[in-house]
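Everything on this sheet refers to the single structure shown next.
Readers should treat all values here as calculations from the given coordinates under stated rules, not as data from a laboratory. These numbers come from a predicted model, not from an experiment. No Cβ is skipped: glycine too gets one built from the backbone with ideal geometry, and neighbour counts run over all protein chains shown.
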Amino acid sequence: MPQRTLTTDRLTLVPLTDDHLEYEVELDSDPEVMRYLDPGRPRSRSEVTELHHGRLAVADRVPGLGFWAGFTDGGFVGWWILEPPERPDQGPVRGQAELGYRLLRRHWRRGLAGEGARRLLQHGFADLGLDRIFAETMAVNTASRATMKSVGLTYVRTFHQDWEHPLPGTEHGEVEYAITREQWLGR
Ligand SMILES: CC(C)(COP(=O)(O)OP(=O)(O)OC[C@H]1O[C@@H](n2cnc3c(N)ncnc32)[C@H](O)[C@@H]1OP(=O)(O)O)[C@@H](O)C(=O)NCCC(=O)NCCS
């Protein structure tokens, strides 16, 4: 199944294309958005352009997965992702996806990250037949952890990764949250 456009009450989630590059540049230019994200500082346009190609390629790795650009009536708000696992410690690629989200600061605390994430969980389990959806963030990223919890993921583990330029708070590690298909069906 190719990646599909999804809707919620307020959001239209559109598979990422080259048309969305300027929005990605705007998102990653905000130091607050990048605070808990590698490299912990705003990214330049050329850095984002390079990342953009990698983001588009996610959709080719597993049919149905990828990045979605999210829009309300007022325009672009951010992106959401369902991505196949990359690292060996994340478990099998088959049947699993990693959930992520990144919103423009002016749209924070409006319930939009959660609204889009709930739609991706529904899509992942009901349409794509996934068995497990997980999410990772720095332990100190309170907003991201709260969003994971709010949409039904539960804490799995704290782990430590080697970073070339560790961000403040790295000493507290990364956390994984997850929800299985059974848990989602019984929610
Ligand atoms: C993380 C992020 C996407 C959350 O977006 P958001 O639209 O503000 O989140 P929502 O409004 O949907 O809130 C979801 C839940 O998290 C809670 N929450 C959000 N931000 C919070 C914060 N700073 N502190 C405490 N709780 C917070 C909300 O109260 C809500 O919980 P509830 O449903 O129990 O009321 C946003 O802060 C962001 O883009 N941050 C920068 C990028 C980033 O760190 N992404 C995650 C990388 S892993």
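For the reader, a short list of remarks on this structure follows.
- What the phi angles of segment 19-31 give under the Karplus curve with 6.51, -1.76 and 1.60, with θ = phi - 60°, is a coupling list of 4, 9, 4, 4, 5, 5, 4, 4, 4, 7, 8, 9, x Hz, glycine and proline written as x.
- The peptide list 33-40, 21-28, put in order of mean Cβ contacts within 10 Å with the highest first, becomes 21-28, 33-40.
- Cα lying deepest toward the dipole's positive end in the chain, options Leu11, Phe67, Pro31, charges on Cβ: Leu11
- The magnitude of the dipole of segment 90-187, with charges of +1 and -1 set on the Cβ of Lys/Arg and Asp/Glu and taken from the Cα centre, is near 620 debye.
- Under 11 Å, Cβ to Cβ, from Ser144 - net charge with Lys/Arg +1 and Asp/Glu -1: +2
- Inter-part distance where segment 157-187 and segment 84-105 are each reduced to a Cα centre, Å: 10 Å
- When each of the peptides 148-161, 103-116, 83-96 is scored by how many other beta carbons lie within 10 Å of its residues on average, the order from highest to lowest is 103-116, 148-161, 83-96.
- Dipole of the chain, positive direction: furthest Cα of Leu185, His20, Leu103, with charges on the beta-carbon: Leu185
- Mean-square fluctuations from a GNM of the chain, with a 10 angstrom spring cutoff on Cα atoms, peak among Ser144, Ser29, Ser46 at Ser46.
- Cα shape, the chain, gyration tensor, a/c 1.5 rule: rounded
- In this simple spin-label model, placing a label point 7 Å from the Cα along the Cα-to-Cβ direction at both Arg87 and Glu26 gives a separation of 3.2 nm.
- Student exercise, the chain dipole from Lys, Arg, Asp, Glu Cβ charges, in Debye to nearest 20: 720 debye
- Listed peptides 169-176, 60-67 by packing density, highest first (mean Cβ within 10 Å): 60-67, 169-176
- The chain, relative contact order in percent, only Cα pairs under 8 angstrom and at least six apart counted: 18 percent
- Karplus-derived HN-Hα couplings along segment 181-187 (A = 6.51, B = -1.76, C = 1.60, θ = phi - 60°), whole Hz, x at Gly and Pro: 4, 4, 4, 5, 5, x, 5
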